[in-house]
Amino acid sequence: MSGRLLQIGSLSVLLVLLTMTASGQDKQREERARMVQESLVREGISNQRVLNSMGSVPRHEFVPLGPLQKQAYLDVALAIGHQQTISPPFVVAYMTETIDPQPDDRVLEIGTGSGYQAAVLSGLVKTVYSIEIHEALGEKAARTLALRGAEVILHPSNLVLPYCPDAMVTRCLENRVFAVTADRVGGDARAGKA
């Protein structure tokens with residue numbers, strides 16, 4: 001009898017945990033939707049593909065565990081370690097919209113950081129190559145991206161460009177200072193401050 005009570009008790013705990021998880025996921029989904037409307041659409045981001053990608057990538061998964069996760073959907077930069085930050089959602093959306101990512105594009109991202117920008121891009125383009133100078137950040141980003149199922153080729157680097165087997169990249173995004181785009185291989189390069 002006590003074994004049966006233990007099973008029933010364990011089942012009850014499991015149901016409570018599943019309910020809490022679903023409830024937490026619903027809350028985060030609502031927070032992402034609010035972030036998209038209040039921080040992106042209201043501020044002028046209009047590319048629907050970018051908005052959809054921003055709304056589907058759970059930013060809180062790219063923020064270190066702890067009190068900062070409660071701020072994941074605010075339009076602010078948050079510390080991720082190694083004196084680096086995850087960019088505010090508007091900046092990520094603006095940079096993404098600026099390079100006008102297309103489904104057949106191969107994007108080189110310089111400065112992986114948490115991996116959030118790479119995750120947003122991965123749903124919009126054919127391939128994302130990303131380089132990160134901080135080995136620990138790159139390893140953490142690789143784990144987070146893998147858990148999300150994002151197909152990103154991450155390369156640790158001291159600004160040595162990774163080998164891109166798909167030939168030339170068609171877009172390049174630098175996460176610290178500026179964004180550079182090239183319309184197509186052989187096209188004119190344009191630089192814009194982001």
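The values are calculated or read from the model by the stated rules, or taken from the named source; none is laboratory data. None of these values were measured; they are calculated from a predicted model. As a convention, Cβ positions derive from the backbone with ideal geometry for all residues, glycine included, and neighbour counts pool all protein chains shown. The protein model used for the area step is the full one, side chains on, heavy atoms only, and it has no ligands, DNA or RNA in it. Shrake-Rupley method; radii C 1.70, N 1.55, O 1.52, S 1.80 Å.
Out of the stretch 38-78, which residues are closer than 17 Å to Leu137 by Cβ, more than 14 Å from the chain's Cα centre (by Cα) and touching a residue at least 12 places away in the same chain (Cβ under 8 Å)?
The answer is none; no residue qualifies.
Which of the residues spanning the stretch 93-124 are more than 14 Å from Pro58 (Cα to Cα), among the β-branched types (Val, Ile, Thr) and either in contact with a helix residue (DSSP H, G or I) (Cβ under 8 Å, 6 or more places away or on another chain) or surrounded by fewer than 22 Cβ atoms within 10 Å (Cβ to Cβ) (or both)?
Thr96, Thr98, Val107, Ile110, Thr112
Of all residues in the stretch 47-69, which are at pLDDT 95 or above and open to solvent by 60 Å² or more (accessible area, probe 1.4 Å)?
If the condition is that a residue be at pLDDT 95 or above and open to solvent by 60 Å² or more (accessible area, probe 1.4 Å), then Gln48, Arg49, Asn52, Ser56, Glu61 are the ones that fit.
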